[in-house]
Amino acid sequence: MHATDVLKTVLPTLPRITVHGYWSRVVGLHLLKGPPPAAPSGGRPQPLWPGGSAVHGARYTPKGGFGSIYLASDPITALKEVVAVIETPYAPAFTLRTHPWAVFAVGGVLCEILDLADDVVQSALGTTLAELTGDWAITQAMGQVPPTQSLGQAAYDCKAILGFRYPSVKNLGKGIGLVVFADRLKDKPPSFLEVYDPYLGFSQRLP
């Protein structure tokens, strides 16, 4: 990965794409029993709440950084990304002892997305598939900033990019992930994300 000052110069010059949903999002059911942290008391659950990745850190989100919404191309990829499902060619399917999860279909349109699955984009950023799919959590736990988080911060800071389309690590070769810089949605019309749920009150639209 190029150094941060180089990334900030290169990122605004790269071609971006527009992508259309539906996508999948998986949220722990315990997080949907009420409004998210810092939301008004008595508010509704927010399946598109972007704060969790900033609190804990995520692949393209530095710990303590900006709010980000992570989506996947399909439900299986979304479940694998949160390790609610594990698949191996060497053993039969099995059930994990895990807390309950909710799977949402998220519609929308996202403009100004940088496609990190594109070899030309990877080359321009000075990165590789191996680096983009590396174990960011171990690097963060060692007190260092993973290269993917440096890339995410540089893209967020340049303000021209709404998020990334990237290869799923847990479903490599089959699934695609998306990360959206939540507070940039309002600046990139006609971009929006929407959860539709006519039954349990989980509907939400951003911006």
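Taking every residue in region 186-207 that is over 18 Å from P47 (Cβ atoms) and of a type in the set (A, V, I, L, M) and pairing it with any residue that is modelled with pLDDT of 95 or more and outside any strand (DSSP E or B), at least 6 positions away or on another chain, yields no pair with a Cβ-Cβ distance below 6 Å.
For region 183-196, the set of residues classified as outside any loop (DSSP other than H, G, I, E, B) and not aliphatic (A, V, I, L, M) consists of D183, R184, K186, D187, F192, E194, listed by residue number.
Among all positions in region 91-110, there is at least one residue which is buried (at least 21 other Cβ atoms within 10 Å of the Cβ) and either among the acidic types (D, E) or farther than 13 Å from V27 by Cα (or both). Do we have any residue at all in region 118-141 that's modelled with pLDDT of 95 or more, outside any helix (DSSP H, G or I) and closer than 30 Å to G201 by Cβ? Within region 118-141, not a single residue is modelled with pLDDT of 95 or more, outside any helix (DSSP H, G or I) and closer than 30 Å to G201 by Cβ.
V180 meets the stated requirement of being in a strand (DSSP E or B) and either crowded, with 22+ Cβ neighbours inside 10 Å or among the acidic types (D, E) (or both).
Residues in region 106-144 that are acidic (D, E) and in contact with a Ser or Thr (Cβ under 9 Å, 6 or more places away or on another chain) were compared, and the one that is nearest to R165 (Cα to Cα) is E112.
Applying the criterion of at least 1 residues that are touching a residue at least 40 places away in the same chain (Cβ under 8 Å), surrounded by fewer than 16 Cβ atoms within 10 Å (Cβ to Cβ) and among the polar types (S, T, N, Q) to the helices (runs of 4 or more DSSP H) found wholly in region 1-86 leaves 4-10. Within region 172-180, one or more residues are over 21 Å from P47 (Cβ atoms) and touching a Ser or Thr at 6+ places or on another chain (Cβ under 9 Å). Inside region 87-106, residues that are hydrophobic (A, V, I, L, M, F, W, C) and modelled with pLDDT under 90 make up a count of 4.
Counting only residues that are in contact (Cβ under 8 Å) with a residue 12 or more places away in the chain, in contact with a strand residue (DSSP E or B) (Cβ under 9 Å, 6 or more places away or on another chain) and surrounded by fewer than 20 Cβ atoms within 10 Å (Cβ to Cβ), region 160-174 holds 3 of them. Evaluated against (1) at pLDDT below 95; (2) among the hydrophobic types (A, V, I, L, M, F, W, C); (3) farther than 24 Å from P35 by Cα, L200 falls short on exactly one condition, (3). Taking region 100-119 as the range and being more than 18 Å from S168 (Cα to Cα) and either free of Cβ contacts under 8 Å to residues at least 12 places away in the same chain or among the charged types (D, E, K, R) (or both) as the test, only E112 passes. Going through (1) within 17 Å of the chain's Cα centre (by Cα); (2) surrounded by fewer than 17 Cβ atoms within 10 Å (Cβ to Cβ) one by one, S191 falls short only on (2). The residue list Y156, Y166, Y196 contains one member that is touching a Ser or Thr at 6+ places or on another chain (Cβ under 6 Å) and either of a type in the set (S, T, Y) or over 22 Å from K80 (Cβ atoms) (or both), which is Y196. Residue count for region 157-177 under the criterion of being among the aliphatic types (A, V, I, L, M), closer than 19 Å to T18 by Cβ and outside any strand (DSSP E or B): the result is 3.
The values are calculated or read from the model by the stated rules, or taken from the named source; none is laboratory data. Keep in mind that this is a model prediction, so the values were computed, not measured. So basically every Cβ, Gly included, is an ideal-geometry build from the backbone, and we count neighbours across all protein chains shown.
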